[in-house]
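J.: Got a structure for you, questions after.
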Amino acid sequence: MLEVCNIAFSYGAKEVLKDVTFAAKPGEIVCIVGNNGVGKTTLLKILATITAPDSGVIRAEGQDIFKYPLKYRRNLGYLQESPALYEDMTVKSYLKYRAMLKGEPEKRIRRRIQEALNTCNIQEVMHQTIGKLSFGLKKRVAIADAILLRPRTILLDDVFAGLDRTMRFDAKEIIKSVSAFSSVVLTGHEMTDLAKLATRFLVLSDGRISASISTESLNEIEIVSRIDNALKGVVS
Ligand code: ADP
């Protein structure tokens, strides 16, 4: 369970997040939406412990993530907006390196890598150098990295960016398949795809969560229309 309580953050004098509060339970896929520049990436960077908030608390499994950042990161999968992969490494050696970095016991690493390769359907390129892969395959590698150790918290920034229709479909299936025991928080712009994936939308506006839209019992058109209205400030 990820609990985000009263987060505020400014870049110098620029106040971006004023008071952000929400929680994401295991099995939930929470999508943060909002206009460009509203602070979605900043919020995910804070949830990834890359940037510390000015105030507020974030707890994972009841523990303050900034008090125990190493323990938290061991159980965190994070897909950055522009993932930085080691282009000279092969897919398999990169995933092995990442698993070792997070302190996964040696005897489990091979199994975890095999699972991630299968889930992301990249077994065939596991011995290829990352730098030579297409954009879509690199993104799959970055997603494999994010889900590698079955993390309790998964953060996916601009998850579908640059992916074609088939790849978006595959990415949705991957995320659904790993979400059962994880709290997933993601951002993106492809509303129709996100509406098929997210269990809840949170609208970020003026530094706060201005609306929470549960997707249960709504169809995609209704979901997209409610988000549109919330972004325009219309109460529905
Ligand atoms: P979003 O992901 O919603 O598009 P961001 O979190 O990237 O928004 O950015 C929120 C605001 O903070 C924007 O106005 C952006 O220009 C500003 N910003 C982002 N990163 C920095 C930075 N490193 N220094 C100063 N301002 C920044």
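The values are calculated or read from the model by the stated rules, or taken from the named source; none is laboratory data. Worth saying up front: this structure is predicted, and the values here are computed from it rather than measured. Virtual Cβ from ideal backbone geometry, glycine too; neighbours counted across all protein chains shown. Quick note on the areas: whole protein, heavy atoms, side chains included, nothing else; ligands and nucleic acids left out. Shrake-Rupley method; radii C 1.70, N 1.55, O 1.52, S 1.80 Å.
J.: Name the single residue, out of those in segment 43-61 being within 19 Å of Pro151 (Cα to Cα) and of a type in the set (D, E, K, R), that is modelled with the lowest pLDDT.
T.: Within segment 43-61, the match that is modelled with the lowest pLDDT is Glu61.
J.: With Lys172, Lys132, Lys196, Lys138 as the choices, which residue is farther than 23 Å from Gly39 by Cα and open to solvent by less than 40 Å² (accessible area, probe 1.4 Å)? Don't jump to the end; show me each part of the working.
T.: Details: Lys132 fails: open to solvent by less than 40 Å² (accessible area, probe 1.4 Å); Lys196 fails: open to solvent by less than 40 Å² (accessible area, probe 1.4 Å); Lys138 fails: open to solvent by less than 40 Å² (accessible area, probe 1.4 Å).
So the residue among Lys172, Lys132, Lys196, Lys138 that is farther than 23 Å from Gly39 by Cα and open to solvent by less than 40 Å² (accessible area, probe 1.4 Å) is Lys172.
Residues checked against (1) out of contact with any Asp or Glu (no Cβ under 9 Å at 6 or more places or on another chain); (2) closer than 15 Å to Glu81 by Cα; (3) in contact (Cβ under 8 Å) with a residue 24 or more places away in the chain:
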| position | (1), (2), (3) |
| --- | --- |
| Gly34 | yes, no, yes |
| Gly39 | yes, yes, yes |
| Leu43 | yes, yes, yes |
| Ile65 | yes, no, no |
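J.: Test Ile130 against the stated conditions and say whether it is under 13 Å from Pro83 (Cβ atoms) and of a type in the set (Val, Ile, Thr).
T.: On the way: under 13 Å from Pro83 (Cβ atoms): yes; of a type in the set (Val, Ile, Thr): yes.
When the stated conditions are applied, Ile130 passes them.
J.: If Gly162 passes every condition in (1) farther than 28 Å from Asp19 by Cα; (2) touching an Asp or Glu at 6+ places or on another chain (Cβ under 9 Å); (3) not hydroxyl-bearing (Ser, Thr, Tyr) but one, which one does it miss?
T.: (2)
J.: State the number of residues belonging to segment 8-48 that are open to solvent by 50 Å² or more (accessible area, probe 1.4 Å) and either more than 13 Å from the ligand (Cβ to nearest atom) or assigned to a loop (DSSP other than H, G, I, E, B) (or both). I'd like the intermediate steps shown before the answer.
T.: Narrowing segment 8-48 to residues open to solvent by 50 Å² or more (accessible area, probe 1.4 Å): 11-15, 18-19, 21, 25-26, 35-37, 45.
Checking which are either more than 13 Å from the ligand (Cβ to nearest atom) or assigned to a loop (DSSP other than H, G, I, E, B) (or both) leaves us with 12-13, 19, 21, 25-26, 35-37.
Residues flagged as open to solvent by 50 Å² or more (accessible area, probe 1.4 Å) and either more than 13 Å from the ligand (Cβ to nearest atom) or assigned to a loop (DSSP other than H, G, I, E, B) (or both) within segment 8-48 amount to 9.
J.: Right, next: Restricting attention to segment 149-164, which residues are touching a Leu at 6+ places or on another chain (Cβ under 6 Å) and either surrounded by fewer than 22 Cβ atoms within 10 Å (Cβ to Cβ) or under 17 Å from Val33 (Cα atoms) (or both)?
T.: Residues of segment 149-164 that are touching a Leu at 6+ places or on another chain (Cβ under 6 Å), as a first pass: 151, 153, 155-157, 159.
Leu155, Leu156, Asp157, Val159 - these are the residues of segment 149-164 that are touching a Leu at 6+ places or on another chain (Cβ under 6 Å) and either surrounded by fewer than 22 Cβ atoms within 10 Å (Cβ to Cβ) or under 17 Å from Val33 (Cα atoms) (or both).
J.: Quick check, is Val125 within 16 Å of the ligand (Cβ to nearest atom), among the hydrophobic types (A, V, I, L, M, F, W, C), at pLDDT 95 or above and open to solvent by less than 70 Å² (accessible area, probe 1.4 Å)? Working first, answer last.
T.: Numbers: within 16 Å of the ligand (Cβ to nearest atom): no; among the hydrophobic types (A, V, I, L, M, F, W, C): yes; at pLDDT 95 or above: yes; open to solvent by less than 70 Å² (accessible area, probe 1.4 Å): yes.
No, not satisfied.
J.: Still on this structure: Kindly establish whether Ala84 is open to solvent by 40 Å² or more (accessible area, probe 1.4 Å) and aliphatic (A, V, I, L, M). If you could, list the steps in order and put the result at the bottom.
T.: Working: open to solvent by 40 Å² or more (accessible area, probe 1.4 Å): yes; aliphatic (A, V, I, L, M): yes.
Answer is yes for this residue.
J.: The conditions are (1) open to solvent by 60 Å² or more (accessible area, probe 1.4 Å); (2) free of Cβ contacts under 8 Å to residues at least 12 places away in the same chain, and His189 fails exactly one of them. Which is it?
T.: Answer for His189: the failing condition is (2).
J.: Separate question: Output the number of the condition that Ile223 fails; it satisfies all remaining conditions of (1) in contact with a Phe, Trp or Tyr (Cβ under 8 Å, 6 or more places away or on another chain); (2) among the aliphatic types (A, V, I, L, M); (3) surrounded by fewer than 22 Cβ atoms within 10 Å (Cβ to Cβ); (4) not in a helix (DSSP H, G or I).
T.: Result: Ile223 fails condition (4) only.
J.: For segment 49-59, does any single residue satisfy the condition of being touching a residue at least 60 places away in the same chain (Cβ under 8 Å), in contact with a strand residue (DSSP E or B) (Cβ under 8 Å, 6 or more places away or on another chain), among the small types (Gly, Ala, Ser) and open to solvent by less than 80 Å² (accessible area, probe 1.4 Å)?
T.: Looking only at segment 49-59, we keep the residues that are touching a residue at least 60 places away in the same chain (Cβ under 8 Å), and these are none.
For segment 49-59, residues touching a residue at least 60 places away in the same chain (Cβ under 8 Å), in contact with a strand residue (DSSP E or B) (Cβ under 8 Å, 6 or more places away or on another chain), among the small types (Gly, Ala, Ser) and open to solvent by less than 80 Å² (accessible area, probe 1.4 Å): absent.
J.: Any residue that is under 25 Å from Ile143 (Cβ atoms), in a strand (DSSP E or B), more than 16 Å from the ligand (Cβ to nearest atom) and in contact with an Asp or Glu (Cβ under 8 Å, 6 or more places away or on another chain) - is there at least one of those in segment 71-80? Write out each step before concluding.
T.: Step one: of segment 71-80, the residues under 25 Å from Ile143 (Cβ atoms) are 71-80.
If we keep only those that are in a strand (DSSP E or B) too, we end up with 76-79.
Restricting the remaining residues to those that are more than 16 Å from the ligand (Cβ to nearest atom) gives 76-77.
This time we only want the ones that are in contact with an Asp or Glu (Cβ under 8 Å, 6 or more places away or on another chain), so: 77.
The answer is yes; a qualifying residue exists.
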